[in-house]
1. Relative contact order of segment B:144-251, please, whole-number percent, based on alpha carbon pairs below 8 angstrom and at least 6 residues apart.
2. Can you find, among B:L239, B:T227, B:G155, the residue farthest towards the positive end of the dipole of segment B:144-251? Put +1 on the C-beta of Lys and Arg, -1 on that of Asp and Glu.
3. For chain A, report the accessible area per residue in Å² (1.4 Å probe, heavy atoms, rounded to an integer).
4. Using only the alpha carbon atoms of chain B, find the Kirkwood hydrodynamic radius as the inverse mean reciprocal pair distance, in angstroms to one decimal.
5. Which of the listed residues, B:L140, A:F186, A:G15, is farthest toward the dipole's positive end in the protein assembly as shown, when Lys, Arg count +1 and Asp, Glu count -1 at the beta-carbon?
6. Cut-off 10 angstrom, C-alpha nodes, Gaussian network model of chain B. Which of B:A55, B:A225, B:A193 fluctuates the most?
7. Could you tell me the largest-minus-smallest coordinate of the C-alpha atoms of chain A on each of the three principal axes, in descending order and whole angstroms?
8. Using a 1.4 Å probe on the protein chains only, how many percent of the accessible area of chain B belongs to carbon and sulfur?
Amino acid sequence: MELTPDETTLFTVWGLDISETVGFTWGVMILLTLTSILVTRNLRPDVPPNRWRTTLEVIVTAIQSQIEEISPRASRHVLYFSGTLFLFIAFSNLLLVVPGFTPPTASLSTTAALALSVLIAVPLFGITRQGIGGYLKTYVQPSVVMLPFNIISEFSRGISLAIRLYGNVMSGAVIAGILLGVAPFFFPVVMDVLGLLTGLIQAYIFAILATVYISSATATAGKPLPKEKDK
Amino acid sequence: MSVDWITVLAQIGNFLVLVWLLKRFLYKPILNGIDARESEIAARMGEAEIAQKQASVAEAAFLEQKRALLVDNSEQVERFRQQTEKEKDTLLAVTRESLEREKQEWQAHLNSERDRFISELQLASAETLYQLVRRALRDLADEDLEERIGLHVIGKLKSMKPELVSAAGNAEQAVATTHKPLPDRTQEKIRTALAGLAPDLELGFTTDPGQAPGLILRVGSVQVAWTVDSYTDELTGMLSERLASGGTGWMQNHG
């Protein structure tokens, strides 16, 4: 039984084997980007929004409101980061229903990559917000004794994120594989439906946890950030 | 189950690219669109608020104008009423004046008619009186009226001799005018009587049908006359009195 799509080659480019993980990731990326381009290409304030644009607005504003609930002073970069995490994981998991599609999130490499991204993003957001000195000071809070524990906590946070996402997505696939052997015509459908639900929940949890980590790293007693606006 | 670190790196790269792509094509357009719409809605609400304030101001101005107009209207109505009253009074005065004038004209016309009537009456009366007296005189005394008039005038001339002589002065001719031609006998009597008073005067006779019956003697600037005018005047006065008393009596009887 194959547990990771990393080892399956989807196609080869210039002698380079592209695994299912990377290939399907590109697929998800293309799907999300094309949908965004198609919906937002004729975006003018004087034109009433159509249903597609409204759908995207609902998704984006829902993500934004969730982030603002966790961190009212969060910058838009947190939205870009956490929102992309959510959309990528959610769409990867939802595309499970497409025959032949293996979610990239079922690969431990993908979940590790996402966890590493969070692991790197948290200090970066913290440094951007508080400066490098202010951020490093958080490792010796409340006292210097806590430094190793804080470092371990930081790493274990990333590892737990990666394992949680991988475990959930993979378990769904493994359970579906096992049940396929028991009752090939009935259980896979139920499991796939369940997989859709758990996939969305996992996407939500992963994005929320990433936001919580980032907000905890950026939380200071200083002045609140001014409201941002993209130019 | 293992972690392929090359895949991990590739996925990190893919993820970062996806973040950039979604930021470029999803978040920015969507959020900017929402912001633009929010600001547009805010601007429109601001405009609506301004428009509402302007509408309130305009409404207040309109109400004030309406109130002023009503006041002005009532003032105008009052002014028109007074003007109409004045006009009515003027017209009434003009009408009254016109009526008064017509009444006066009518009265003048009545007076002239009355005068004309009296004049005609006088003439008729004189004529009638003259005829009656003449006939009565002829029937009762077998005398001619013209002759009697002539003798009467001569009688008068005798008493007026000094005045007549001085008035005649250098006059050489006297003229006796009568209503009808006098008989020759009467003419001769008068001529004889006048020759007794003023021998140098030459008497001529003439007639004037418009003159009242009687005789008028003109010597120079002096005129001696006897006509039935005084009698007819008296008769007319008596008739007028009788008419007036009769009219009053009639009014009393039937009023």
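1. Worked out over segment B:144-251, it gives 31 percent.
2. Checked the options; the winner is B:G155.
3. 53
4. 30.5 Å is the Kirkwood radius here.
5. Of the candidates, A:G15 comes out farthest on the positive side.
6. B:A55
7. 59, 56, 40
8. 58
The values are calculated or read from the model by the stated rules, or taken from the named source; none is laboratory data. Keep in mind that what you see is a predicted model, and the values were worked out from it rather than measured. FYI the Cβ positions are ideal-geometry reconstructions off the backbone, even for glycines, and counts take in every protein chain you see. With ligands, DNA and RNA removed, areas are computed over all heavy atoms of the protein, side chains included. Shrake-Rupley method; radii C 1.70, N 1.55, O 1.52, S 1.80 Å.
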